[in-house]
Every structure is written in C-alpha cells, then in structure tokens.
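Scroll down for the structure; my scribbles are underneath it.
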Amino acid sequence: MRDLVRQLEDVARLLDDVGSLPPLSITFTCDGGPYVILETPNQLPLADQRMAVDQIAARVHAVPKVGEVLMGRYGASARGRWENTLVVAVTNAAPHVPGMPALPERTTTTQETADALRALTAWAGTTESHMDELVVTDHSRSHTVHVITENDHAAHSLLEGLIPDTESRWHRPGRRYRALLPTGHSLSVTVDPIR
C-alpha cells in the first residue's frame, strides 16, 4: 500500500464534511493503483444506500452512475477525488439471503467512523508495508478492522506487539489471526497468498 496514513486522514476529513451516513465498510486497497471504496451494507434499502452514494458524490464532484453489478441486480456508484485520495462510493446490491440478520439498531455515528480512521494512523504508519488491503467496518454497534496480506511473515509483522486473541474460533495460525489493536478495535488478519 502507498500513503495509507494520508488516505486514512483524507477519508476521515471526507466523513467530517459529508455529514451523517449509514454504516459503511471502507476498504483501502492498492489493486490497480491506490484507492478507497466506501460501501453501504446490503441490509439497507437500496434507496437509503443510493442516498449515501449521492452525498459522497456531491463532495467529490462526481456524477453517480447506475449499472448492473450482479446478474439482474443494479447498483449505484460514484468515483472522484477528495484531496489526494481517489474515492469510490458504491451501493451493495448483493442479494438479501433469507435468514440474514437485519442491521442492529445503530449506536455508532459517521463521526465515530472518522475518529476510528484517525485513531488507526499511528499503527498503520508502522505496518502498512505488510498490508495488501485494509477494511474498516461500522457494524452499527462497533467498528472492526480487517487486513488481508500475502503471507504468514507479513501477518506476524502486523501482529507484533499486539494482544492476540488465541481463544477465538476465528484465530487459526497459518491462515487467520485475531488480535486487539492499541485503539481498542478488534483486528482480524487473513493470509491470502493468491493476491
């Protein structure tokens, strides 16, 4: 990844400026060049998801586009620059599977998401060279951090100095790890050698 700290700060300022949004999943990636994806949860009605994309599009001076994103399912997206960061806002048109839980009543805010991004800058500044992708997700009640990396060595470097959650069913050395960040957020790390 390149300039992850700057991207975290840029997106935090965007969230400050855009106002209240639904819970988002924010992905920092360098596939095909560094950019950030802000995605709405598929449990939200598409109209609410579209409103979030429209709000972000207005701030990044982009025109939202609507197109087929899955077979027979349409979504909206907008792409533009905010400060020095390329931002892509998208609706999540994944099918709502029967039995999938609804979003819990929200206790988080967009401002708390911005604060979470800022809180991660110190840790990210020392570990970004080991990340292929960083995802910060607002789950309506709390924020989590997920990192995808190419190998076990990079995963160990990311976890250095952190408190591991070895009791979690999710923690499987060699593939998946879980730990607590200094910010208090839950960190999960997935090793994906195919990336």
Next item on the list: With the checklist (1) in contact with a Phe, Trp or Tyr (Cβ under 9 Å, 6 or more places away or on another chain); (2) at pLDDT 90 or above; (3) in a loop (DSSP other than H, G, I, E, B) in hand, flag the one item Pro41 doesn't pass.
Entry: (1)
Notebook entry, point to check: Out of curiosity, is Arg50 open to solvent by 10 Å² or more (accessible area, probe 1.4 Å), of a type in the set (Lys, Arg) and touching an Asp or Glu at 6+ places or on another chain (Cβ under 9 Å)?
Noted result: no
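Criterion first (open to solvent by less than 60 Å² (accessible area, probe 1.4 Å) and touching a Pro at 6+ places or on another chain (Cβ under 6 Å)) does Ser140 satisfy it?
Here the answer is yes, as Ser140 does meet what is asked.
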Check: Looking only at the range 67-93, which residues are of a type in the set (A, V, I, L, M) and over 21 Å from Gln55 (Cα atoms)?
Finding: Leu70, Met71
Next item on the list: Tally the residues that are of a type in the set (A, V, I, L, M, F, W, C) and in a loop (DSSP other than H, G, I, E, B), restricting the search to the range 44-61.
Entry: 2
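Condition check ((1) open to solvent by 30 Å² or more (accessible area, probe 1.4 Å); (2) in a loop (DSSP other than H, G, I, E, B)) across all residues:
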| residue | (1), (2) |
| --- | --- |
| Ala102 | yes, yes |
| Arg118 | yes, no |
| Val147 | no, no |
| His153 | yes, no |
| Ser157 | no, no |
| Arg178 | yes, no |
| Thr183 | yes, yes |
| Ser188 | no, no |
| Ile194 | yes, yes |
Item checked: Close pairs (6 angstrom Cβ cut-off, 6 or more residues apart or separate chains): assigned to a loop (DSSP other than H, G, I, E, B) in the range 4-32, among the aliphatic types (A, V, I, L, M) anywhere -> Leu21/Ala52; Pro22/Leu44; Pro22/Ala52; Leu24/Leu38; Cys30/Met1
Next item on the list: Could you look through the range 76-100, keep only residues that are in a loop (DSSP other than H, G, I, E, B) and of a type in the set (Val, Ile, Thr), and pick out the one that is most open to solvent (accessible area, probe 1.4 Å)?
Entry: Val97
Next item on the list: Kindly indicate whether Ala116 is in contact with a strand residue (DSSP E or B) (Cβ under 9 Å, 6 or more places away or on another chain) and in contact (Cβ under 8 Å) with a residue 60 or more places away in the chain.
Entry: yes
Next item on the list: For Arg73, state whether it is over 23 Å from Leu134 (Cα atoms), in contact with a strand residue (DSSP E or B) (Cβ under 6 Å, 6 or more places away or on another chain) and open to solvent by 40 Å² or more (accessible area, probe 1.4 Å).
Entry: no
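The values are calculated or read from the model by the stated rules, or taken from the named source; none is laboratory data. This one's a predicted model, so the numbers in the text were calculated from it and none came from an experiment. Reconstructed Cβ throughout: ideal geometry from the backbone, glycine too, with neighbour counts over all protein chains shown. The area values use the complete protein model at the heavy-atom level, side chains included, leaving out ligands, DNA and RNA. Shrake-Rupley method; radii C 1.70, N 1.55, O 1.52, S 1.80 Å.
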